[in-house]
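Taking it in order: structure first as structure tokens, then the write-up.
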Amino acid sequence: MAKAVDKGLVRYKVIDIRDFALDRHRTCDDAPYGGGPGMILKPEPLAAALDAASACGKRVVYPTPSGRLFNAAYAEELVKQDEVVLICGRYEGIDQRIIDLYVTDEVSLGDYVLSSGELASLVIVDTVYRLLDGVIRKESLEEESFTQGLLEYPQYTRPEIFRGMKVPEILLSGHHAHIERWKREKSLEKTRRFRPELLGERNEEQKEG
Ligand code: 6GU
């Protein structure tokens, strides 16, 4: 991403909510009302930090395991925004009133729990910035959208023989149509093996389309 920043394609600002704490200990968390484990980020410092980011009226994304699933289609939607505010939660989460007042999108990366909202936010940032015009070659993105719905086929580079293992003959043949068919077959094989539900979804789409 540093390259994209140097090229002027992306700007980012990191805000430390502790700078907006109200006491001399710079406290930003407290125990949950109603009991339960862990600590919750207090609303006042977070609200002040969001105001400093002029969050009102902007897309405000809160990465949380209890959100909607993050995927490529959602990343395509985010990249259209001029500005996105990401809230990095910690511990058990943030006060619900911050969600009610500021958050437009609650987004989960998958069915597991990360301790760090920072890490989740960085995953989202990384997925979105590379979709900006000029960050990566158009062909790479087109290839991705072409294979969308299928997993990537296996890739090889030189040398032709590595530890006795040879690159599939067809990739050396120069026969473009055969190579494309091979890639598609391998993609299908891999998808069937690791993500069979994706093939189901594709069939649904084809029926509807
Ligand atoms: Cl978005 N945040 C955290 N903390 N854990 C997660 C997640 C997000 N998505 C999956 N696990």
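The values are calculated or read from the model by the stated rules, or taken from the named source; none is laboratory data. If you're wondering where the values come from, they're calculated on a predicted model, not measured in any experiment. Using ideal geometry, Cβ is built from the backbone for each residue, glycine included, and neighbour counts are taken over all protein chains shown.
Assorted remarks:
- Boolean, Ser116 is without any contact (Cβ under 8 Å) to a residue 40 or more places away in the chain and of a type in the set (Gly, Ala, Ser): yes
- A single entry from Val167, Val103 fulfils the requirement of being surrounded by 14 or more Cβ atoms within 10 Å (Cβ to Cβ) and farther than 30 Å from Lys80 by Cα: Val167.
- Hits in the stretch 4-19 (condition: free of Cβ contacts under 8 Å to residues at least 40 places away in the same chain and of a type in the set (D, E, K, R)): Asp6, Arg11, Asp16, Arg18, Asp19
- Here Val61 fits the description: modelled with pLDDT of 95 or more, within 16 Å of the ligand (Cβ to nearest atom) and of a type in the set (Val, Ile, Thr).
- Looking only at the stretch 86-106, and only at residues there that are charged (D, E, K, R) and part of a loop (DSSP other than H, G, I, E, B), the one that is nearest to the ligand (Cβ to nearest atom): Arg90
- Residue that is nearest to the ligand (Cβ to nearest atom) [pool: residues in the stretch 107-122 that are outside any loop (DSSP other than H, G, I, E, B) and surrounded by fewer than 16 Cβ atoms within 10 Å (Cβ to Cβ)]: Leu119
- Members of the stretch 20-59 found to be of a type in the set (Val, Ile, Thr) and free of Cβ contacts under 8 Å to residues at least 40 places away in the same chain, listed by number: Thr27
- Residue list for the stretch 1-50, restricted to those being acidic (Asp, Glu), closer than 29 Å to Val128 by Cα and part of a loop (DSSP other than H, G, I, E, B): Asp16
- Flag if Leu131 is of a type outside the set (Ser, Thr, Tyr), away from the ligand (no atom under 16 Å from the Cβ) and in contact (Cβ under 8 Å) with a residue 24 or more places away in the chain: yes
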